[in-house]
Amino acid sequence: MFSNYNVSAITLLNLYLMVYVSVLFGTSPTFSEYSDESCTMNLTIQNFQLILSWEVKNRSIQPTHYTLWYTIMSKPEDPKIVGNCTNITKPSCDLTDVWEIMDDHYIPIVELYKGNSMVGRCMNSFWASDFYIEPPRFEIVGFLDHINVTLEFPSVTPKIYGKEIQEYASLVIEKQWDKIVKLNDLKLNRDFSGNFTYILDNLIPNTNYCVSVYFEPLDVEKIIKSPIKCIFLQPDQESGLSISAKIGIIITGWIVLFFISSILMLRRTGYICLKNNFPKVLNFHNFLASMFAEPPPSEAVDMLEIIHTNKKKKLWNYSYGDESDSEEEEEEVPKASATGYTTHGLMGKHLSQAPDPSASSQESQCEDSAVEESDEPGAELEPPREARPDPWQPESSRSPRERRERVLQDSYPRHNSSSTDEPGDKVIFNVNLNSVFLRVLDDDSEEDSQETSEVLPLAEDTIDLEEDPHRIESSLLMASGERTQPPHHSSSSQCLWTEEESSDKTDSSGSDTDADVGDGYIMR
Amino acid sequence: MTNGCILQTLLLLCFSTTALSISYKALRLYQSSGSVTCQELLLQLNVRPCLEDRINFKLPEKIKHQQQFKKKDAAFLIHEMLQNIFSVFTNDFSSTGWNKTIVENLFGELHKQMDRLETILKEKPEESLAWRNSMAILHLKSYYRRLQRYLKDKEYSSCAWMVVRAEIMRNFPIISKLTDCFQN
């Protein structure tokens with residue numbers, strides 16, 4: 001009986017010890033009891049999640065629940081249980097935020113339960129290179145000679161997608177079948193977070209290209225390639241943005257062209273007159289023409305030899321009521337007339353270069369006209385426009401210049417006849433007869449005084465012949481050749497020089513005029 | 001004459017610097033490729049995992065901070081690590097059941113990498129001598145002596161080889177990071 005109690009006590013003691021030891025070491029599974037051959041494990045990164053999946057080889061063991069533990073090889077640490085993979089029914093577990101260190105061996109331990117009892121364990125070791133890494137999603141856009149490959153990564157990726165993953169797996173963009181680009185080699189110095197675009201350039205247009213993307217781990221047998229995407233590079237294939245930009249540029253060019261052509265058309269038709277405000281010196285329109293243009297016609301210059309004579313002449317001294325003073329001898333001092341012109345007593349001598357053969361004829365004509373006048377005393381009163389042989393008729397063959405020459409020549413002989421008696425001082429200067437007034441003073445003092453104030457400018461085109469024929473006769477009109485024809489004078493008036501000379505001679509005693517020398521003066 | 005010598009010296013330095021930079025660039029490519037090959041070979045040496053004989057060999061933390069090393073320094077460290085790895089695997093691994101061809105391939109790859117590094121290290125032997133006595137090298141040597149001693153203590157068991165294999169594989173990511181120093 002005592003021996004029975006002893007055996008019972010010893011059995012209970014052993015049982016208690018076993019229970020105590022089991023309780024003491026129960027938290028740490030004894031991994032050596034079960035081999036890892038009972039199941040196969042796969043560690044995959046899919047959809048940016050680190051997923052551990054397993055499969056039991058022994059089909060006789062059909063577990064209903066699983067519990068996952070893990071540890072590392074570098075440190076003798078006890079296995080740790082994965083909280084979200086405890087007593088799970090499906091044979092997989094998300095370890096994205098659990099395994100973060102890549103450069104170590106991870107030892108996952110899967111406990112197999114059937115009901116409440118454990119029927120087995122699976123254990124394996126995973127190095128970083130043992131991961132199956134699924135490729136990211138990507139899109140391709142084809143251009144003329146290049147393809148844009150956009151890899152789609154989430155903005156926030158697990159730590160396992162940090163830079164360290166590039167140490168164990170290269171992201172490869174493969175252009176089948178000749179070009180492989182390993183993005184790790186590009187040293188992007190970035191983790192795979194956010195979208196990333198890579199350009200496959202130097203492609204041939206009008207060619208079909210296929211692209212694939214995948215991670216290449218150290219164990220090349222664990223590569224998972226993405227589905228191939230192909231695109232045909234057409235010659236005129238461009239991105240939507242560039243097509244619209246080209247269209248916009250073309251349209252803009254057409255609009256500008258239309259605008260410019262419209263302006264040019266309006267300018268030609270005269271609707272737009274664009275003034276050129278350039279200074280004259282910058283106006284080169286007639287530059288060439290001006291270089292070879294004919295020199296401007298020289299001014300008609302007549303050479304006159306002015307011979308001053310000391311003669312008493314009566315000048316109007318602006319004293320209307322004192323005729324005796326006007327008869328006094330006065331020095332030949334030019335005085336300003338009432339009209340404001342400066343008067344000079346001159347004897348004109350025409351010094352034309354070539355003797356004008358017509359001058360003598362004109363002179364003779366003048367003389368003839370004078371003779372005719374003497375024969376026909378009433379001829380003076382006749383309007384000068386009556387048809388008479390008149391050297392001053394506006395013949396087309398005779399220019400005003402010639403008429404001036406003639407007049408001066410008519411006066412010259414008489415003048416010479418008198419001037420030779422008294423030579424006086426000589427002054428030679430060039431006079432543009434177009435710019436001066438020539439007037440011959442009459443022998444009548446009163447008339448002279450009136451006549452001095454009545455100067456018929458050379459610029460006048462017409463004269464009033466009705467006013468005073470006598471005045472007209474005593475006046476000499478010099479018309480410019482460029483202007484209208486001189487009015488029709490009677491020959492007597494045209495030969496005024498000769499008459500005045502003769503009248504001057506008769507009035508030499510009291511006349512203050514230089515009628516004998518043609519007391520005319522150049523006025524301006 | 002003096003100016004000519006100075007000019008020639010300067011030209012030689014420039015060309016040597018250029019040659020060295022080119023050789024470091026090529027060395028980086030070869031080294032990166034070699035590290036990947038070695039890791040692939042080690043993965044082929046598959047062993048049943050065991051957790052009983054795990055030990056912390058205390059890999060030197062200094063070599064983990066690669067940014068402090070120059071090109072020449074990194075080359076010294078890589079050469080030292082490769083040389084010790086080669087030495088570890090020359091021990092008895094018969095209990096593991098590993099394919100000897102794979103181990104010989106591993107030896108060949110390690111040898112090639114060391115030869116490339118020695119072409120650069122031979123240029124300035126005085127610097128090699130100085131580096132041999134540096135603290136980083138001494139810590140590395142201690143680390144690999146612990147590995148050798150562990151194998152010996154565990155009588156080159158398969159579990160011990162599994163632990164050592166896992167530890168050696170942790171060396172290659174560090175070597176890859178040291179290789180990146182060649183582009184500095």
Based on what the data block shows, is A:I109 within 14 Å of another protein chain (Cβ to nearest Cβ) and in contact with a Cys (Cβ under 9 Å, 6 or more places away or on another chain)? yes
Kindly check whether there is at least one residue in segment B:157-171 that is within 12 Å of B:L77 (Cβ to Cβ) and either in contact with a Ser or Thr (Cβ under 6 Å, 6 or more places away or on another chain) or not in a helix (DSSP H, G or I) (or both). no
A:S193 - would you say it is exposed (fewer than 14 other Cβ atoms within 10 Å of the Cβ), farther than 30 Å from B:E167 by Cβ, away from chain B (no Cβ under 14 Å) and modelled with pLDDT under 85? no
Select from segment A:52-67 the residues that are under 15 Å from A:S117 (Cα atoms) and not in a loop (DSSP other than H, G, I, E, B) and write down the one among them that is nearest to the other protein chains (Cβ to nearest Cβ). A:T67
Considering every residue within segment A:128-135, establish whether at least one is modelled with pLDDT of 85 or more and of a type in the set (S, T, N, Q). no
May I ask you to verify whether A:L144 is crowded, with 20+ Cβ neighbours inside 10 Å, away from chain B (no Cβ under 14 Å) and at pLDDT 85 or above? no
Limited to segment B:29-43, what total is found for residues that are closer than 26 Å to A:I109 by Cα, open to solvent by 10 Å² or more (accessible area, probe 1.4 Å) and facing chain A (nearest Cβ under 9 Å)? 2
Kindly evaluate A:T89 against the criterion of being hydroxyl-bearing (S, T, Y), in contact with a Pro (Cβ under 8 Å, 6 or more places away or on another chain) and over 22 Å from A:K222 (Cβ atoms). no
Tally, over segment B:44-69, of residues that are more than 10 Å from chain A (Cβ to nearest Cβ) and either part of a helix (DSSP H, G or I) or without any contact (Cβ under 8 Å) to a residue 40 or more places away in the chain (or both): 7
Test A:T89 against the stated conditions and say whether it is open to solvent by less than 60 Å² (accessible area, probe 1.4 Å), of a type in the set (S, T, N, Q) and at pLDDT 90 or above. no
Output the residue which, of all residues in segment A:112-127 that are open to solvent by less than 40 Å² (accessible area, probe 1.4 Å) and among the aromatic types (F, W, Y), is nearest to the other protein chains (Cβ to nearest Cβ). A:W127
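The values are calculated or read from the model by the stated rules, or taken from the named source; none is laboratory data. As the structure is a computational prediction, the values presented were derived from the model and not from experiment. A quick note on method: Cβ atoms are made from the backbone with ideal geometry, for glycine too, and the neighbour counts reach across all protein chains shown. Please note that ligands, DNA and RNA were not included when accessible areas were found on the heavy atoms of the full protein model with its side chains. Shrake-Rupley method; radii C 1.70, N 1.55, O 1.52, S 1.80 Å.
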